[in-house]
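A.B. asks: Sharing a structure with you now.
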Amino acid sequence: MNTHRPLTDKEIATLTVYGCSASNWKDVSVANDFKPDFITNVHFSGTVRLGTFQHVFELAGGIQKHAGIYNAVIHNCHIGHDVFIDKINGYIANYQINDKAYLENIDELFVVGKPTFGNGVRVATMIESGAREVSIYQNLSAPLAYMLAFYRHNKALIETLECLIADYSKANCAEYGTIGKSVQMRHCGSIRNVNIGDFAILEGVSKLSNGTIVSSEMAVTTIGTDVQCNEFIIQSGSTVIEASMLTRCFVGQGCLIGKQFSAIDSLLFANFQGMHGEAVSIFAGPYTVTHHKATLMLTALYSFMNAGSGTNFSNHMYKLGPVHQGITERGVKTSSDAYIMWPARIGAFTVVLGRHKGNPNISALPFSYLMEIDGESHLVPGINLHSAGTMRDVEKWTQRDERKGCYLDPICFDFLSPYTISKALQGIEILKDLLAKMDNVATFVWYENCKIKRSAIRKGIELYEFAVALFMAQTVKQLNIYNVILAVETSYKYWVDMVGLVAPKSQIELLIAQIISEKIGLDNIQERFNSIHENYKTYSQIYAVQYLEAKFNKTTSKFSAEDVEQISANGQRAEKALQEMILRDARKEFNAIAKIGFGIDGDTSDSDADFEATRGHYENHPFVNKLLNKK
């Protein structure tokens, strides 16, 4: 059905009176009920289709503006109903502009050639000089990017995935760009080869080139003042503002980037927050946060990571170029002015304080403190298990999820998961072996260029055993363990954390084989990731059952009541011990030292009263109440 018609002679005459012109009026078609009343000082060229203009936009402060096209050059554009366009300083060319879009004071908006709109751009993540490039596309998820970056040894997998993304990019090439419905664009500079999704807000943007901005009414994406992006994709619900600069970057869902943050060749997944600092070739998994000036995140994998002020990562001790990379596993935090020289690998939920140049590989000792003392790296294994701050971090992640609608990144938020527990089990074996080999008079031992005290080894073993006992008891509590029959022959002993997706390695290997053999599509791969994530609890229970059966040397169907009671009792003891440690740690926030700076003009009683008025009481703190299961 043809919804557009040629202009009538009367309409052409009216438009001419209103200061309009056209290279050829025959190339301009309009909706059947079109009226020329709200088109002024516009030049048309190429093929142009116009809708109707009846809507009145209500702006902040009570200003009203009637839909229409004013003071613009329009070339090869299809313009929907009730669109507002005014003060186009250069021109708009080769765009489909959908209903109720609002465009005002824009230097230029055009598509040239047949671009991919950021799809297929190769991002040199992890290694600046290449070798781990990830080809981004509009619906890239964190686990798929993880496969592309870290499974380079599987050439068949990489070739298949790259072909799939190349096909996707080719299918999304177009001579026309898209401005979605109800988009708002004000006071923008040059926008070239960019697709803009529904309801997106662009305010004061400086320059955008070759990219896609995904947006929807439920998850509005905002791009702000003086922002510059080149070769990029920004996913739904994200905000990029305040003169931030992105080059060859993928920004996931619900991200916040501002205050002059800059990133090059970086992948920034769900709920990433970047302020002030700089990122070069990073793979930032969900909930990675950097909020400080002079913080440099460089050539590494981060996930649920919090970078302190002045944190610096270095790959500059190179002879063959900037090829050194780092791994910081889930939940790592750094103190102010922390420094790590790559290559290094930091275990999950480890706190890094001070400067470390010894290339530590402490992946098998999670929940630790890595500290600099007299220029040496000291490791305290497992100590972060009873930190109140760690528990608070874990709780706040779910509360700070800014994603809406369909989620691209499947995220497991569990603090104790088969992944971290399997690491803790490794840690127990490593620490026991270190202890057994220590000289009787030695007070410390070296491990991966880190000093570990004898007392810290013993405490680390105890803490890791607490974590294992607690996890197993919690899992058994969810099961009727006497009736558990393992329906799988595959071992679930080994697990991976694909920046949020916690999964048995065997399931990922099955998926890889399916990708290679069946050449399943990108959407199908995403569905498999989601399915693995949805079955996480089942896989986790199987892991626990397999561990317990090996530990007791019998199947769960033969477990006695005493066996189950032992598992439960061990878990209860571990839970109580860890809870008491965490509460003691939390209580420090209410001691005399914490009250320094309160009651500025009074005596001790004023200090106490001021503290209580602003910080409250330990007994009534929400974190403490939750830990004690109080309502």
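The values are calculated or read from the model by the stated rules, or taken from the named source; none is laboratory data. All of these numbers come straight from a predicted model, not from anything done at the bench. Cβ sites come from the backbone with ideal geometry, for glycine too, and all protein chains shown count toward neighbours.
A.B. asks: Within the range 585-629, take every residue that is among the polar types (S, T, N, Q) and within 32 Å of the chain's Cα centre (by Cα) and give me the one that is farthest from ARG392 (Cα to Cα).
C.D. replies: Here the answer is ASN629.
A.B. asks: Filter the range 548-580 down to the residues that are farther than 10 Å from ALA473 by Cα, in contact with a helix residue (DSSP H, G or I) (Cβ under 8 Å, 6 or more places away or on another chain) and hydroxyl-bearing (Ser, Thr, Tyr) and list them by number.
C.D. replies: THR555, THR556, SER557, listed by residue number.
A.B. asks: Inside the range 195-210, can you point out the residues that are over 10 Å from ASN230 (Cβ atoms) and not hydroxyl-bearing (Ser, Thr, Tyr)?
C.D. replies: Answer for the range 195-210, where residues must be over 10 Å from ASN230 (Cβ atoms) and not hydroxyl-bearing (Ser, Thr, Tyr): ASN195, ILE196, GLY197, ASP198, PHE199, ALA200, ILE201, LEU202, GLU203, GLY204, VAL205.
A.B. asks: Just wondering, is there one or more residues in the range 105-122 that are in contact with a His (Cβ under 6 Å, 6 or more places away or on another chain), over 30 Å from ILE411 (Cα atoms) and surrounded by fewer than 22 Cβ atoms within 10 Å (Cβ to Cβ)? It would help to see each step written out before you state the result.
C.D. replies: Pass one, the range 105-122, residues in contact with a His (Cβ under 6 Å, 6 or more places away or on another chain): 105.
Those left that are additionally over 30 Å from ILE411 (Cα atoms): 105.
Keeping just the survivors that are surrounded by fewer than 22 Cβ atoms within 10 Å (Cβ to Cβ) gives 105.
Checking the range 105-122: at least one residue is in contact with a His (Cβ under 6 Å, 6 or more places away or on another chain), over 30 Å from ILE411 (Cα atoms) and surrounded by fewer than 22 Cβ atoms within 10 Å (Cβ to Cβ).
A.B. asks: What residue, of PHE261, PHE313, PHE269, is among the aromatic types (Phe, Trp, Tyr), touching an Asp or Glu at 6+ places or on another chain (Cβ under 7 Å) and buried (at least 21 other Cβ atoms within 10 Å of the Cβ)?
C.D. replies: Only one candidate qualifies: PHE269.
A.B. asks: Would you tally the residues in the range 109-122 being more than 20 Å from the chain's Cα centre (by Cα), at negative phi and in a loop (DSSP other than H, G, I, E, B)?
C.D. replies: Counting residues in the range 109-122 that are more than 20 Å from the chain's Cα centre (by Cα), at negative phi and in a loop (DSSP other than H, G, I, E, B) gives 5.
A.B. asks: What residue, of ALA473, ALA436, is in a helix (DSSP H, G or I), surrounded by fewer than 16 Cβ atoms within 10 Å (Cβ to Cβ) and either of a type outside the set (Val, Ile, Thr) or in contact with a strand residue (DSSP E or B) (Cβ under 6 Å, 6 or more places away or on another chain) (or both)?
C.D. replies: On the way: ALA473 fails: surrounded by fewer than 16 Cβ atoms within 10 Å (Cβ to Cβ).
Unique residue meeting the criteria: ALA436.
A.B. asks: Quick one: which residue in PHE349, PHE313, PHE304 is of a type in the set (Phe, Trp, Tyr) and outside any loop (DSSP other than H, G, I, E, B)?
C.D. replies: It is PHE313.
A.B. asks: From (1) closer than 15 Å to GLN228 by Cα; (2) not in a strand (DSSP E or B), pick out the condition that doesn't hold for ILE264.
C.D. replies: Status for ILE264: all satisfied but (2).
A.B. asks: When CYS406 is evaluated against the numbered criteria (1) among the hydrophobic types (A, V, I, L, M, F, W, C); (2) without any contact (Cβ under 8 Å) to a residue 40 or more places away in the chain; (3) surrounded by fewer than 23 Cβ atoms within 10 Å (Cβ to Cβ); (4) within 20 Å of THR288 (Cβ to Cβ), which criterion, by number, is the only one it fails?
C.D. replies: Going through the list (1) among the hydrophobic types (A, V, I, L, M, F, W, C); (2) without any contact (Cβ under 8 Å) to a residue 40 or more places away in the chain; (3) surrounded by fewer than 23 Cβ atoms within 10 Å (Cβ to Cβ); (4) within 20 Å of THR288 (Cβ to Cβ), CYS406 breaks only (4).
A.B. asks: With the checklist (1) farther than 25 Å from GLY180 by Cβ; (2) modelled with pLDDT of 95 or more; (3) assigned to a loop (DSSP other than H, G, I, E, B) in hand, flag the one item LYS26 doesn't pass.
C.D. replies: (3)
A.B. asks: Taking the stated definitions as given, is THR125 of a type in the set (Val, Ile, Thr), at pLDDT 95 or above and either assigned to a strand (DSSP E or B) or surrounded by 22 or more Cβ atoms within 10 Å (Cβ to Cβ) (or both)?
C.D. replies: It is true that THR125 is of a type in the set (Val, Ile, Thr), at pLDDT 95 or above and either assigned to a strand (DSSP E or B) or surrounded by 22 or more Cβ atoms within 10 Å (Cβ to Cβ) (or both).
A.B. asks: State all residues of the range 557-568 that are under 21 Å from GLU465 (Cβ atoms) and either in contact (Cβ under 8 Å) with a residue 12 or more places away in the chain or surrounded by 13 or more Cβ atoms within 10 Å (Cβ to Cβ) (or both); if no residue qualifies, say none.
C.D. replies: Across the range 557-568, the qualifying residues are PHE559, ASP563, VAL564, GLN566, ILE567, SER568.
A.B. asks: Does GLY285 satisfy being buried (at least 24 other Cβ atoms within 10 Å of the Cβ), touching a residue at least 60 places away in the same chain (Cβ under 8 Å), of a type outside the set (S, T, N, Q) and in contact with a Lys or Arg (Cβ under 6 Å, 6 or more places away or on another chain)?
C.D. replies: No: the conditions fail for GLY285.
Let's see how each residue does on (1) part of a helix (DSSP H, G or I); (2) within 22 Å of the chain's Cα centre (by Cα); (3) farther than 30 Å from MET218 by Cβ:
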{"residue": "THR390", "(1), (2), (3)": "yes, yes, yes"}
{"residue": "GLY405", "(1), (2), (3)": "no, yes, no"}
{"residue": "ILE411", "(1), (2), (3)": "no, yes, no"}
{"residue": "LEU416", "(1), (2), (3)": "no, yes, yes"}
{"residue": "GLU429", "(1), (2), (3)": "yes, no, yes"}
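A.B. asks: Would it be correct to say that PRO366 is at pLDDT 95 or above and either on the phi > 0 side of the Ramachandran plot or not assigned by TED's automatic domain parsing to the domain that holds VAL624 (or both)?
C.D. replies: Considered against the rule, which asks whether it is at pLDDT 95 or above and either on the phi > 0 side of the Ramachandran plot or not assigned by TED's automatic domain parsing to the domain that holds VAL624 (or both), PRO366 comes out as yes.
A.B. asks: A follow-up question, please. Output the residues belonging to the range 71-122 that are touching a Ser or Thr at 6+ places or on another chain (Cβ under 8 Å) and among the charged types (D, E, K, R).
C.D. replies: Scanning the range 71-122 gives ASP82, ASP99, LYS100, ASP107, GLU108, ARG122.
A.B. asks: What's the total number of residues in the range 213-243 that are crowded, with 24+ Cβ neighbours inside 10 Å and in a strand (DSSP E or B)?
C.D. replies: Qualifying residue count, the range 213-243: 7.
A.B. asks: Could I ask something else about it? Do we have ARG248 as within 27 Å of ASP82 (Cβ to Cβ), of a type in the set (D, E, K, R) and at pLDDT 95 or above here?
C.D. replies: Numbers: within 27 Å of ASP82 (Cβ to Cβ): no; of a type in the set (D, E, K, R): yes; at pLDDT 95 or above: yes.
Against the criterion (within 27 Å of ASP82 (Cβ to Cβ), of a type in the set (D, E, K, R) and at pLDDT 95 or above), ARG248 does not qualify.
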